[in-house]
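S.K.: Below is one structure. I have some questions about it.
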Amino acid sequence: MATTTRRSSGRAKKPAASKDELLQYYRDMLLIRRFEEKAGQLYGMGLIGGFCHLYIGQEAVVVGLEATAKEGDQRITTYRDHGHMIACGMDPKGVMAELTGREGGYSRGKGGSMHMFSKEKHFYGGHGIVGANVPLGAGIAFANKYRGNDNVCFTYFGDGAANQGQVYETYNMAELWDLPVIFVIENNQYAMGTSVKRSTKSKTLYERGVAYGIEGEQVDGMDVLAVKAAGEKAVKHCRDGNGPYILEVMTYRYRGHSMSDPAKYRTREEVQKMRDERDPINQVRDLLLKGKHATEDELKEIDKDIKGVVNDAAQFAQDSPEPAVEELWTDIYAEAG
Amino acid sequence: MGELTMVEAVAMALARALDEDPDVVLLGEDIGRDGGVFRATAGLLDRFGADRVRDTPLAESAIAGVSVGMAAQGLRPVCEIQFMGFVYPALDQMLSHAARLRNRTRGRLSCPMVLRAPYGGGIHAPEHHSESTEALFAHIPGLRVVIPSSPVRAYGLLLAAIRDPDPVVFLEPKRIYRAVREEVADDGAALPLDRCAVLCRGSDVTLVSWGAMLTETLDAADALSAEDGIEAEVIDVCTLKPLDAATIRASVERTGRCVIVHEAARTGGFGAEIAARLAETALVSLLAPVVRVTAPDTVVPLLKLERHYMPAAADIVAAVRRTMEYA
C-alpha cells in the first residue's frame, strides 16, 4: 500500500469559512476557555478533587475536529478532557458537577475530572493512564467495522503518550485490520515538564505511522480552520474504509500540566508569545471582525452569554448533592438479578 | 455429547457462545488458523470465519485494550493470552480500564469481556509458562476470576463468563487440559459465577482448593479416608472473585478444621485471603489453625525440581494429620 505523509500547509493557505461557521467555532472555543477558567477558580477554592488538567490554549483542536464528526462517531481521550466533552455537546453543568464530585456529574461523583463518559454523545472517556486509552479507541473502531456502520472513532492522546508502547501495538493492529480510527496526537510540546525535544529524536510524531503503513500529517492546531480541513481529510479516509489516519496537531497549553505545576520547564515569555501571536480564539475573532461578520458589540454579547452558561454550571456544581455513602459500594459488578 | 477433555469442553463452550450471540468475537495469538497453542479454538475459524475468530499480532497489551474498547461498545470479546506468564502487559488494561468501566460510568457502560489464559505448572514448561498468579487478578475490584477444575465445569463456567456483563479472567489449568474425560452435554447451561462447588462431603476436615490442585486434593482425601479414617470435605472454589465465602465458612463450622491447597507461591496467595476470612468469621468454630499447603516463595523451577515445588497429595495428607493433632 502506498503511504504518504505530509505536513499540512494550513498556515500558508487559510481554508474559507462562512460567517455561521466562524461564529460557531468562536462560541465553542470560548465556552471551553471560560469553562476551564472557572474550573481553575473552583479548584483554587478547594471545591474540586481528583486533579484537574486545563485545556486552555488547545481549544481549536477539538472544536476543529468536532466540526468534521457526524452522529454516531465516537471520541476517546486522556485526562485533559474537559474540552472534548464540551465540544461534543455534553452539558457543562454535568461536567463541572463531576469535577466537584457531585451527584449531578456525568459519573455521579465517582469519576472526577479524568473519568467522565456519555453514551448519548458517544464520548468514551476521560482516561488517566497515559497512552492506555489508545487501544480502546481501536476497539471501539473495531465494533464500528464489525457492525458495518461507517462511523469513526477519534482517539486523542498527547505527545507524552506517543512514547508509550501500547500506542504502537495499536497502530499495527489498526492498520492490519483497516480500523476506522483517527489517531489525534495533541502535541502541546510538553509531557508534564518534559519537552518533545528532550524525549525523542523523532522529528515529527505522525511520521512514526509510516512504519506501520498509516497515513498522516501534521497540522497547525492553533488554527481551527486548518484543523477542520485536515480532519475532513482524515474522516473521509476512515469512512471510505481505508483504515486509520494520524493527525499530529501542533498545539500549546497555556496553563500548567495540572493545577500544581512549578513551570520550570519553559519561560513566561514563551507562553506569552503564544498567547499574543497564536491564540486560537483571537484568530477567529480577527476573522470575524475583519470579514465584518460581527461587531465588537455582538462578540461581547456572545461573551456575556457564555459567562452565564459557565456561571450556571459552577452554581449547579456547588449545589448538586454529594453522593451518599452507600455509593461507595455500588457499580463494582452488575447488580444480581 | 460424548466424553470430552477440558480443552475440548472449552472449545465446545466457545463454539456455543459464537453460535448463540453474534456479538461474541474471539481474538488472540494463533487462535485462528492454528486453532490455539493448546487447540482450545480448533475448528472455530472454519466454522465462524475470520471476522469472529481473529488472529492477532503478538501484542498482549493491545489485545486486552482493544477488547475493552469492543466491550465498551457492547461486543463480547473473548481474548486468549497464550500463557499466563504473558498476561502482564495486559494487566494495565484489565486493572485500569476493564475492571473500572462500570464504576466510572456508574453503570452506563460495562465491560463484558473474557480474558482466557492457560495457567499453572506441572507440564515441564519454563517458569513463565508455568506460573499461577491468580491472586494478582483476584485483588482487583471489578474483575471476576474463574478457574474450572473439570471439563463439565469448564464448559458451564466459560459460558457463564461470556454471558456475564462484567470482565472475567478465566484461567484454565493446563495440566489437566487432557487429564480426564467426562460426559459434557452441549446444552448451553451455564454454571453460577458466585458459588463454590462441594466435590465430596466429609465431617472431619475441610480441604479448599481450585484448578489442577484438586487432583492432589482429592487423592489426599481418598488416602486420608483409607489410611486414617478421616473424612474430608473437598471444596472447589471455582470462582475466586467474588468469593463464595459462605460455603467455605459453613463447611468449616461443621468440620472445625481447614487446609487450603494452591500451587501459587505462598505469600499473598489467594489461600491467605480464605484463611483471613475464616479467622474473621469462623474463629470460634476452629479446632485447629488453618493450614496452607502451597508452592514455596520461589520462582517456578525447571522440570527436575518441579515435583518438589508443586504441592503433592502427601503434603496435603501430612498437613491434615497435623491439624488433627489438635484436640
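The values are calculated or read from the model by the stated rules, or taken from the named source; none is laboratory data. Quantities reported herein were computed from a predicted structural model and do not represent experimental measurements. Here Cβ is always computed from backbone atoms with ideal geometry, including for glycine, and neighbour counts include all displayed protein chains.
S.K.: Please work out which residue is nearest to A:Leu54 (Cα to Cα), limiting yourself to the stretch A:95-113 and to residues that are touching a Ser or Thr at 6+ places or on another chain (Cβ under 8 Å) and of a type in the set (A, V, I, L, M, F, W, C).
M.R.: Restricting to residues being touching a Ser or Thr at 6+ places or on another chain (Cβ under 8 Å) and of a type in the set (A, V, I, L, M, F, W, C), the top hit is A:Leu99.
S.K.: Given (1) polar (S, T, N, Q); (2) closer than 20 Å to A:Ala191 by Cβ; (3) touching a residue at least 24 places away in the same chain (Cβ under 8 Å), identify the lone condition not met by A:Ser260.
M.R.: (3)
S.K.: Evaluate the stretch B:111-131: report whether one residue or more is in contact with a strand residue (DSSP E or B) (Cβ under 9 Å, 6 or more places away or on another chain) and within 11 Å of chain A (Cβ to nearest Cβ). Break it down stepwise before answering.
M.R.: Of the residues in the stretch B:111-131, the ones in contact with a strand residue (DSSP E or B) (Cβ under 9 Å, 6 or more places away or on another chain) are B:112-122, B:129-131.
The next check asks that each one be within 11 Å of chain A (Cβ to nearest Cβ); those that pass are B:112-113.
Yes, the conditions are met somewhere in the stretch B:111-131.
S.K.: Somewhere in the stretch B:142-154, is a residue among the basic types (Lys, Arg) and facing chain A (nearest Cβ under 9 Å)? So that I can check it myself, show each step before the final result.
M.R.: Initial filter on the stretch B:142-154 (among the basic types (Lys, Arg)): B:144, B:153.
With facing chain A (nearest Cβ under 9 Å) added as a condition, the list becomes B:144.
Yes, the stretch B:142-154 has at least one match.
S.K.: Could I ask something else about it? Looking only at the stretch B:77-89, which residues are surrounded by 24 or more Cβ atoms within 10 Å (Cβ to Cβ) and within 11 Å of chain A (Cβ to nearest Cβ)?
M.R.: Correct list: B:Pro77, B:Cys79.
S.K.: Among the numbered criteria (1) surrounded by 15 or more Cβ atoms within 10 Å (Cβ to Cβ); (2) modelled with pLDDT of 95 or more; (3) not small (Gly, Ala, Ser), which one does B:Glu227 miss?
M.R.: Among (1) surrounded by 15 or more Cβ atoms within 10 Å (Cβ to Cβ); (2) modelled with pLDDT of 95 or more; (3) not small (Gly, Ala, Ser), the lone unmet condition for B:Glu227 is (1).
S.K.: Also: Keeping to the stretch A:176-189, report how many residues are over 21 Å from A:Ser202 (Cα atoms), surrounded by fewer than 24 Cβ atoms within 10 Å (Cβ to Cβ) and not aliphatic (A, V, I, L, M). Break it down stepwise before answering.
M.R.: From the stretch A:176-189, those over 21 Å from A:Ser202 (Cα atoms) are A:176-181; that's our starting set.
Applying the additional criterion that residues be surrounded by fewer than 24 Cβ atoms within 10 Å (Cβ to Cβ) yields A:176-178.
Okay, now just the ones that are also not aliphatic (A, V, I, L, M), so A:177-178.
Of the residues in that region, 2 qualify.
S.K.: Collect the residues in the stretch B:203-234 that are more than 17 Å from the chain's Cα centre (by Cα) and either at positive phi or of a type in the set (Lys, Arg) (or both), keeping them in residue-number order.
M.R.: Scanning the stretch B:203-234 gives a single hit, B:Gly229.
S.K.: Hey, another quick one. Check the stretch B:91-113 and report whether any residue there is in a strand (DSSP E or B) and either crowded, with 22+ Cβ neighbours inside 10 Å or not assigned by TED's automatic domain parsing to the domain that holds B:Tyr155 (or both).
M.R.: Checked against the condition, which is being in a strand (DSSP E or B) and either crowded, with 22+ Cβ neighbours inside 10 Å or not assigned by TED's automatic domain parsing to the domain that holds B:Tyr155 (or both), the stretch B:91-113 yields no hits at all.
S.K.: Suppose the filter is buried (at least 24 other Cβ atoms within 10 Å of the Cβ) and in a loop (DSSP other than H, G, I, E, B); does A:Gly126 pass it?
M.R.: On the way: buried (at least 24 other Cβ atoms within 10 Å of the Cβ): yes; in a loop (DSSP other than H, G, I, E, B): yes.
In short, yes.
S.K.: Could I ask something else about it? Please work out which residue is farthest from the other protein chains (Cβ to nearest Cβ), limiting yourself to the stretch B:155-165 and to residues that are over 12 Å from the mean Cα position of the chain (by Cα) and more than 22 Å from B:Ile274 (Cβ to Cβ).
M.R.: Looking at residues that are over 12 Å from the mean Cα position of the chain (by Cα) and more than 22 Å from B:Ile274 (Cβ to Cβ), I get B:Tyr155.
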